[in-house]
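Novice: Here it is, the structure, as structure tokens.
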Amino acid sequence: QVQLVESGGGLVQAGGSLRLSCAVSGRTLSTNSMGWFRQSPGKEREFVATINWSAGTTFHANSVKGRFTISRDNVRSMVYLQMNNLKPEDTAVYYCAASRGRLAVAVGMVDSWGQGTQVTVSS
């Protein structure tokens, strides 16, 4: 079972930046991709970004494209989400996710979740 631990959330003003980190342990060859999802109160969990472990291929949601960047460090087994030009609507709990799929672009494709980290963007 893959274990995921997020860190790096916090409070930031609109226009600011944060970098989320996800420490991955217990990963097996069946874990092909990692992703970031987010959930705000009263809303469903939504896809943010995903990366393929071996190829490094990435895909970002339209709402964050050009502002957020997902990356991974295979040696350290870490996944990152660099978030720039943050907006109040980015406020949510952000979850790291692991998937057997080539890219984790939907909640239904996720096999393991982290505990989440809160990101709050003030206007």
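The values are calculated or read from the model by the stated rules, or taken from the named source; none is laboratory data. Keep in mind that this is a model prediction, so the values were computed, not measured. Please note: Cβ atoms are built from the backbone with ideal geometry, for glycine as well, and neighbour counts cover all protein chains shown. In case anyone asks, the SASA skips ligands and DNA or RNA and just uses the protein heavy atoms, side chains included. Shrake-Rupley method; radii C 1.70, N 1.55, O 1.52, S 1.80 Å.
Novice: Any idea which residue in region 1-12 is least open to solvent (accessible area, probe 1.4 Å), counting only those that are of a type in the set (S, T, N, Q) and within 17 Å of the chain's Cα centre (by Cα)?
Specialist: Step one: filter region 1-12 for residues of a type in the set (S, T, N, Q), giving 1, 3, 7.
The next check asks that each one be within 17 Å of the chain's Cα centre (by Cα); those that pass are 3, 7.
Details: Q3: 89, S7: 59 Å².
Looking at residues that are of a type in the set (S, T, N, Q) and within 17 Å of the chain's Cα centre (by Cα), I get S7.
Novice: So which of A104, A98 is assigned to a strand (DSSP E or B) and open to solvent by less than 60 Å² (accessible area, probe 1.4 Å)?
Specialist: Values: A104 fails: assigned to a strand (DSSP E or B).
The match here is A98.
Novice: Given L81, L86, which one is over 15 Å from G116 (Cα atoms) and either in contact with a Phe, Trp or Tyr (Cβ under 8 Å, 6 or more places away or on another chain) or in contact (Cβ under 8 Å) with a residue 40 or more places away in the chain (or both)?
Specialist: Values: L81 fails: over 15 Å from G116 (Cα atoms).
Unique residue meeting the criteria: L86.
Novice: Okay, next question. Quick check on this structure: which one of R72, R67 is charged (D, E, K, R) and in contact with a strand residue (DSSP E or B) (Cβ under 6 Å, 6 or more places away or on another chain)?
Specialist: Numbers: R67 fails: in contact with a strand residue (DSSP E or B) (Cβ under 6 Å, 6 or more places away or on another chain).
Among R72, R67, only R72 is charged (D, E, K, R) and in contact with a strand residue (DSSP E or B) (Cβ under 6 Å, 6 or more places away or on another chain).
Novice: For region 107-119, which residues satisfy the criterion of being farther than 21 Å from S25 by Cα and surrounded by 15 or more Cβ atoms within 10 Å (Cβ to Cβ)? Steps first, please.
Specialist: So in region 107-119, the residues farther than 21 Å from S25 by Cα come out as 108, 118-119.
Of everything in region 107-119, just one residue is farther than 21 Å from S25 by Cα and surrounded by 15 or more Cβ atoms within 10 Å (Cβ to Cβ), namely V119.
Novice: Can you find, within region 15-57, the residue that is farthest from the chain's Cα centre (by Cα) among those that are among the β-branched types (V, I, T) and modelled with pLDDT of 95 or more?
Specialist: Keep residues of region 15-57 that are among the β-branched types (V, I, T), which gives 24, 28, 31, 48, 50-51, 57.
Restricting the remaining residues to those that are modelled with pLDDT of 95 or more gives 24, 48, 50-51, 57.
On the way: V24: 12, V48: 6, T50: 7, I51: 9, T57: 14 Å.
Among those residues, the one meeting the criterion is T57.
Novice: Under 6 Å between Cβ atoms, which residue pairs at least 6 apart in sequence (or on different chains) link something in region 7-22 that is within 17 Å of K87 (Cβ to Cβ) with a partner that is at pLDDT below 95?
Specialist: As it stands, the answer is A14/S123, since those pairs meet every condition given.
Novice: Scan region 66-81 and tell me whether some residue there is within 20 Å of T120 (Cα to Cα), touching a His at 6+ places or on another chain (Cβ under 9 Å) and of a type in the set (S, T, Y).
Specialist: yes
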